[in-house]
Every structure is written in C-alpha cells, then in structure tokens.
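Here is the structure we will look at.
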Amino acid sequence: DPVTGAAAGPVTGITPLEQARKQRTPHALRKSETAMVYLEHALRTMHPKQFGEPRYQGDGCLMLRFRSPATALAVRRISRQQDTSTSSALLAAFAVAVARFTGIGRVMTWLSVGNRFRPGFADTVSAVAQLSPYLIDVDDVSLGEAVARARTSVLNAYKNAYFDPYEQDPVIDRVEAERGPVDYSCFYLDRRRGRDVTDGPLPTDEEIRAAVNLGEHGWEYRPDMANRRLFLTVEDGPAGAADFVLTADTRFFSETDMVALTTEFEAVAVRAAIEPSLSTGVGRQASSHREPVDVSTWGR
C-alpha cells in the first residue's frame, strides 16, 4: 500500500489470464450463446424506430442535469412497498417516461451491467462490465405492474450480460439485414453507490409532493458529436437527492423535450409511489412523439 507501506496480500480474485482461459470453456461459451439469443430476441421484438426520424436541425448533443429529491424519496417508498430494488423502480419510471414521450410502449435500452456479482469476479482487476439489453412493455398496465415487470426485465438483462462482445455485431447485422435499420441507441447507466433501502420511516405523500418543488435543471456542456440518441446516467446527488444526467442527440430532442422527459421521469416515480394502481398512460393506440408530452398534472 503506497500510503501505509503495508505489503500487498495474496491475489484472491481471478487474474486476467485465468479469466481469459475460463471464457473459452464450454460452460462460458454456452452462456455467451444464450446471451446472443437474448440479444436477438430484443432486437427482433423492439420497435425498430424507437425515436422516429430526425425532427430538428441539430448536429450535436446536449447534456442536462436534473437534481430530483422527489424521485429519491419516491423510489425508496416503491422499493419497500413492492419488495424490489430501487434500481427496478428507477428503470420502471425511465421506461414509462420514454414510452409516454415516444408513444411506443415497448421500450429497449442498453444497461451497463457490472459482472462482479459472478463467482470469483469480486476482486478481479479485469474489466467485467458489459452492455446488455433491457426490454420492457408498459402498454396498458398500472404503474405498480410496470415496476413488477421492470424487476423481471432487469434480472434478464443482468443474467445475459456476460458474453463474447465480438459475437454481438454478427447478431445485429443479421437482424438488420431482415428488419432494416433498428434504432437501439438508448443507454442507461446507474452509478449510484447506495441502492439498498435501509430500515426507517418511509416518506409520506406530502413529503414526496413537497419535494417536487425542489427539483433543479441545469445545462452541463455541449459535446460536439452525438454517438447516442439518448443516454441517461443516474448518480447520487447531495442531501439524498437523485441526479439524472441526460445526454441527447439534438436531431431527435430539443431542449424543451429534454426538460419535459426528465420532468416526466420524476413525475412517473412520484405517481408510482403514491398511486401505483394508476395506468402508465401508454396505450396500444398511443400517438407518436411529434408533440412534447404534457406533464403539468403528473405527480403534482
């Protein structure tokens, strides 16, 4: 240790070479093949034009930070009420918000999944995070049911997040050769440190609603190039708030769209905590996203 001067202990995790050898075993290859079957299913059943055609003349991307104390309170309550993780609660809110914006109830986004929960990987110095599709249908269901579906969908994503990355491109190419271009450029990254709900009193309806007024939007910077249509990162904010950093392609999202989408995210979480029996507001006959979603009454 460069600080304490203590000698390094024995290596207990899988070394990179050992990991590479294990990845060539029949067991690991079968897992990779299963993950590719899962990927192909996601690409074949998602809406191929998730965000439609370009609507604006933008040529870069914008980054918006939304600090939401209300969402942090809401997902704590959802987690306890439905006996699920705050990760599932947040993913449900994200999916419903995106579905309400696009008018498409079947949402697909890539999750960045850390594979250190797998046997022997907790202490490895190797890179063990991979992208896995998260696919969920929130059409014609209650908000509570959307959270339940999110729990199943995220487990499927976690389970199929260990694979040979060189096998992904052939799968994508094969699907697009049959379906045409598929818009799979939506990404979600949960970077929060504390995801487990501790014991203690849950926030009341009044406390959650009051926290909505504390939400703050702020523009970060404007990268020159957009390599993703939509990328949401969830981080720990100060004083227990949740921070959402949304990066969006300005050909598909305006500044107004981005503010509306993040506001909708919070509003869905708040309503799911307070009125979980309420509908997601996404129906089979929903219109496209040509007009911004009216979020004036949600969660208020």
*Would you point out the residue of the range 253-269, among those that are open to solvent by 10 Å² or more (accessible area, probe 1.4 Å), assigned to a helix (DSSP H, G or I) and not aliphatic (A, V, I, L, M), that is nearest to CYS61 (Cα to Cα)?*
GLU255
*Of the conditions (1) part of a helix (DSSP H, G or I); (2) under 20 Å from SER279 (Cα atoms), SER87 fails just one. Which one is it?*
(2)
*Answer with yes or no whether VAL107 is under 24 Å from ASP257 (Cα atoms), under 15 Å from the mean Cα position of the chain (by Cα) and not in a helix (DSSP H, G or I).*
yes
*Scan of the range 164-214 for residues that are at pLDDT below 95 and on the phi > 0 side of the Ramachandran plot, ordered by number*: GLY200
*Filter result (more than 14 Å from the chain's Cα centre (by Cα) and aliphatic (A, V, I, L, M)) within the range 213-236*: LEU214, MET225, ALA226
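Report, by residue number, each residue of the range 144-178 that is hydroxyl-bearing (Ser, Thr, Tyr), over 20 Å from the mean Cα position of the chain (by Cα) and open to solvent by less than 80 Å² (accessible area, probe 1.4 Å). Quick ask: steps written out before the conclusion?
Of the range 144-178, the ones hydroxyl-bearing (Ser, Thr, Tyr) are 152-153, 158, 162, 166.
Checking which are over 20 Å from the mean Cα position of the chain (by Cα) leaves us with 166.
Answer for the range 144-178, where residues must be hydroxyl-bearing (Ser, Thr, Tyr), over 20 Å from the mean Cα position of the chain (by Cα) and open to solvent by less than 80 Å² (accessible area, probe 1.4 Å): there is none.
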*asked:* Among the residues of the range 179-198, are any under 30 Å from PRO276 (Cβ atoms) and free of Cβ contacts under 8 Å to residues at least 40 places away in the same chain?
replied: yes
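Tally time: how many residues in the range 16-30 are open to solvent by less than 80 Å² (accessible area, probe 1.4 Å) and assigned to a helix (DSSP H, G or I)? Quick ask: steps written out before the conclusion?
Going residue by residue through the range 16-30, those that are open to solvent by less than 80 Å² (accessible area, probe 1.4 Å) are 16, 18-20, 23, 25, 28-29.
Still in the list and also assigned to a helix (DSSP H, G or I): 16, 18-20, 23, 28-29.
Total satisfying the criteria: 7.
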*Quick one: in the range 237-252, of everything that is open to solvent by less than 30 Å² (accessible area, probe 1.4 Å) and over 18 Å from the mean Cα position of the chain (by Cα), which residue is modelled with the highest pLDDT?*
PHE252
*Inspect the range 57-80 for any residue being under 24 Å from THR280 (Cα atoms), modelled with pLDDT under 95 and not in a helix (DSSP H, G or I) and give the result as yes or no.*
no
*If only one of ALA272, ALA260 is over 19 Å from THR102 (Cα atoms), under 20 Å from the mean Cα position of the chain (by Cα), modelled with pLDDT of 95 or more and of a type in the set (Gly, Ala, Ser), which one is it?*
ALA272
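The values are calculated or read from the model by the stated rules, or taken from the named source; none is laboratory data. Just so it is clear, the structure is predicted and the values come from calculations on it, not from any experiment. Using ideal geometry, Cβ is built from the backbone for each residue, glycine included, and neighbour counts are taken over all protein chains shown. Ligands, DNA and RNA are stripped out before the accessible areas are found, and what is left, the full protein with its side chains, is counted by its heavy atoms. Shrake-Rupley method; radii C 1.70, N 1.55, O 1.52, S 1.80 Å.
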